[in-house]
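> Below is one structure. I have some questions about it.
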Amino acid sequence: MQEQSLPETQGAASRTKPDRIDPERWLAAIVESSDDAIIGEDLDGIITSWNAGAQRIFGYAPEEVIGKAVTCLVWPGDENQIEELLTRIRTGKRVDHFQVVRRHKDGSKVLVSLSLSPIVDADGRVIGIAKIARDITGHVAMEDSLTATTNQVRLLTEREANAQAQVLAERRFRELIENAPDGILQVDRHGKIIIANRTAELLFGYASEELVGASVDMLVPAKYRAGHAANRVGFAHGGVSRPMGQGLDLYARRKDGTEFPVEISLSPVTTAGEVHVTAVVRDVTERKRTEVQVRTLQESYMAELEARQKEAERLNHMKSEFMAGITHELRTPLHTIIGFSDLLREELEGPLNEPQRTFVGHIRQDSEHLLGLINDVLDYSRIEAGGLHLHTERLSLGEAIADAAGAIRQHAEAKGIGLRFENPAEVFVLADPMRLRQILYNLLSNAVKFTASGGDVDILVGDDAEFARITVSDTGTGIPRDELSRIFDKFYQVGYSVGGAGLGLSICKQLVEIQGGSIAVDSEPGKGSQFHFTLKKAV
Amino acid sequence: MEQKSQGNKILIADDSESSRDLLRFILQRFGCEVLEARDGQEALKLATFSNPDLLILDLNMPVLDGYSVASELRKLPAFATTPILALSAGPSETDVERLKEAGFSLFLKKPIAPATLRACIAQHLDVAAKG
């Protein structure tokens, strides 16, 4: 038997073993019990031996294949392989673990791993082939299943990754909510808290597990609870989002019972068909405190401002009172000085001689001047303090001018100055009679004062739709150009002072302006001045 | 005018002696009998005691001011129509309402020319006589 040639090749090694069992039988048993196909072939590829493993792998019984060409095992089309392998073995070379598809007796594919070794005789000549074929179809199947598993694992991994990403996203979202600067609560339609973030825990002083599942009412001060429940029911039935800062004065209650001011925004959230309400709660204690501080500051500032204003008014009033008192005190003795000089001039107590008459005249005139100064100062201080009250009436301008001119006429004539007043048409103005007289008298007395003997003082009247325009013109010394702009300043005296406190024109300007008019001056030194002022016409 | 004021009793009240002297001279020349008071209290007493035809009251006086004297006198039936003139060196415009309220007939501002004073007195005595 060819089978026995195999043990022969190993015979030397086997015989060295101190064994009572016949080495050939021993080898034959090993070959028979092998799972692998162990096939003997001659150099032409004719099968010479066939073990049980071969039968199992390829389906043929030994008697079916021994003596037949090995090509019966070849997958159609792979016949050339056999020749190549045979050629290789004939030259004494081995083939190890050559994977190749072979054909099962039933026509199915069998994937085997082939190892071919040349069988040599005692002289070293190749006389046959020992072929071991290991069925690796199962391996491949396993590999396939491994690939499938790998794919599955990859799929699972992807799913896992997705899931992880989702978890991560959820965690981030959760963190976002947890760390939001405002307390966030989600409440179901029964008022049960479903979600509460960390800020809400800190805000209300409850642990998360105390909040979740509890009624939101415990966070509402007792006095607001009834209203709160009603509002919640209302909100659940078609509530719309309510942003913060609705001007509502809301309060929340901490675990320890203390209350704090809050702003709450509400938004309905539909989860699995159920309407929940998400409430964002902001503690506005600090803001309220700041608001109160700002308000307090503002109030104290306003109070101080008011106090200062009152103080300023009081001081102004005091100044006015003081000025009134001063002028009263100054006018009282002037009253008797003027009165007695008048009595002397009347000579009812006996005649005066010429020098006495002159002396009394000087006393009288200077007293009059002093009185004018006192009145100017009083008027100015009152205008400045805003304490001048006007009694505006509808006046005949012609009459007012005639009146003022009458008061100055004697003085003008005594100085040899012509005083002329043309009154072409009757014009009515809206003015305070006393103040208008004061303006006219002031301008006329200035004109007379600064005009030399032989000169003229003229009063002219014109009007337009709205205003009457009065001009007092003189042929006096005039006012230098550079001084014209300052002529209405208080305490300003043009050049050589003839008398007066320098307040006359300043008072005139103020009196004209508070009656709604304006005043201006034209002047040419050496030729004279023209003072123009306007007054509102009466209808 | 001289005839109308002749023999009329006029009470003057002023804390300034020179002012009283001036008024007295003017009024006496005018043929009037002059009674003098140095303050409001004195004026009130003297007035109720002597029943003058006209009064000239300074507004700023010690003890009792001119306003008080006038309003006290106006409460008395005897002084219902008696001319009471105010005489003051103080500013007048803003006090018009207060003067009317106190019951003054006229306000005279110091200094006053003797002629003006005479004319005013004559006019008021005339009105009082007719009334």
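The values are calculated or read from the model by the stated rules, or taken from the named source; none is laboratory data. Please read these numbers as outputs of a predicted model, since none were measured by experiment. Methodologically, a virtual Cβ is constructed for each residue, glycine included, from the backbone with ideal geometry; neighbour enumeration extends over all protein chains shown.
> With (1) surrounded by 14 or more Cβ atoms within 10 Å (Cβ to Cβ); (2) more than 60 Å from the chain's Cα centre (by Cα); (3) polar (S, T, N, Q) as the list, and A:SER453 as the residue in question, which single condition is left unmet?
(1)
> Under 7 Å between Cβ atoms, which residue pairs at least 6 apart in sequence (or on different chains) link something in the range A:301-322 that is part of a helix (DSSP H, G or I) with a partner that is of a type in the set (Lys, Arg)?
Correct list of pairs: A:SER320/A:ARG382.
> To continue, here is another question. Are any of the residues in the range A:351-363 within 17 Å of B:ILE112 (Cα to Cα) and either within 13 Å of another protein chain (Cβ to nearest Cβ) or without any contact (Cβ under 8 Å) to a residue 12 or more places away in the chain (or both)?
There is at least one residue in the range A:351-363 that is within 17 Å of B:ILE112 (Cα to Cα) and either within 13 Å of another protein chain (Cβ to nearest Cβ) or without any contact (Cβ under 8 Å) to a residue 12 or more places away in the chain (or both).
> What about A:VAL292, is it of a type in the set (A, V, I, L, M, F, W, C) and either in contact with a His (Cβ under 8 Å, 6 or more places away or on another chain) or surrounded by 12 or more Cβ atoms within 10 Å (Cβ to Cβ) (or both)?
no
> Of the residues B:SER50, B:SER71, only one is surrounded by fewer than 19 Cβ atoms within 10 Å (Cβ to Cβ), closer than 23 Å to B:LYS100 by Cβ and more than 14 Å from chain A (Cβ to nearest Cβ); which?
B:SER71
> Additional query: Among the residues of the range A:364-398 satisfying the criterion of being part of a loop (DSSP other than H, G, I, E, B) and more than 9 Å from chain B (Cβ to nearest Cβ), which is surrounded by the fewest Cβ atoms within 10 Å (Cβ to Cβ)?
This residue is A:GLY386.
> With the checklist (1) aliphatic (A, V, I, L, M); (2) touching a strand residue (DSSP E or B) at 6+ places or on another chain (Cβ under 8 Å); (3) surrounded by 16 or more Cβ atoms within 10 Å (Cβ to Cβ) in hand, flag the one item A:VAL269 doesn't pass.
It is condition (3) that A:VAL269 fails.
> Looking at A:TYR206, A:TYR224 in this structure, which one is closer than 22 Å to A:THR285 by Cβ and at pLDDT 90 or above?
Answer to the check: A:TYR206.
> Checking the condition touching a helix residue (DSSP H, G or I) at 6+ places or on another chain (Cβ under 7 Å), surrounded by 15 or more Cβ atoms within 10 Å (Cβ to Cβ) and at pLDDT 85 or above, which residue from A:GLY59, A:GLY53, A:GLY45 passes?
A:GLY45
> Taking A:ASN423 as the residue in question, decide whether it is free of Cβ contacts under 8 Å to residues at least 40 places away in the same chain and under 23 Å from A:LYS537 (Cα atoms).
Against the criterion (free of Cβ contacts under 8 Å to residues at least 40 places away in the same chain and under 23 Å from A:LYS537 (Cα atoms)), A:ASN423 qualifies.
> Could you tell me which residue of the range A:305-323 is farthest from the other protein chains (Cβ to nearest Cβ), considering only residues that are surrounded by fewer than 18 Cβ atoms within 10 Å (Cβ to Cβ) and either among the aliphatic types (A, V, I, L, M) or in contact with a helix residue (DSSP H, G or I) (Cβ under 8 Å, 6 or more places away or on another chain) (or both)?
Across the range A:305-323, the extreme among qualifying residues is A:LEU305.
> Give A:ARG345, A:ARG331 a once-over and let me know the one that is at the interface with chain B (Cβ under 8 Å from one of its Cβ atoms) and of a type in the set (D, E, K, R).
Unique residue meeting the criteria: A:ARG331.
> Taking only pairs six or more apart or across chains, which ones have beta-carbon atoms under 8 Å, a first residue in the range A:169-194 that is under 20 Å from A:ALA214 (Cα atoms), and a second residue that is assigned to a loop (DSSP other than H, G, I, E, B) and among the polar types (S, T, N, Q)?
Pairs that qualify, where the first residue is under 20 Å from A:ALA214 (Cα atoms) and the partner is assigned to a loop (DSSP other than H, G, I, E, B) and among the polar types (S, T, N, Q), are A:ILE177/A:ASN197; A:GLU178/A:ASN197; A:GLY183/A:ASN197; A:ILE184/A:ASN197; A:LEU185/A:ASN197.
> Go through the range B:11-46 and give me each residue that's part of a loop (DSSP other than H, G, I, E, B) and within 14 Å of chain A (Cβ to nearest Cβ).
Matches in the range B:11-46: B:ASP14, B:ASP15, B:SER16, B:PHE30, B:GLY31.
> On to the next question. Among residues belonging to the range A:89-125 that are closer than 15 Å to A:LEU43 by Cβ and surrounded by 16 or more Cβ atoms within 10 Å (Cβ to Cβ), point out the one that is nearest to the chain's Cα centre (by Cα).
Step by step, filter the range A:89-125, then rank; the result is A:VAL95.
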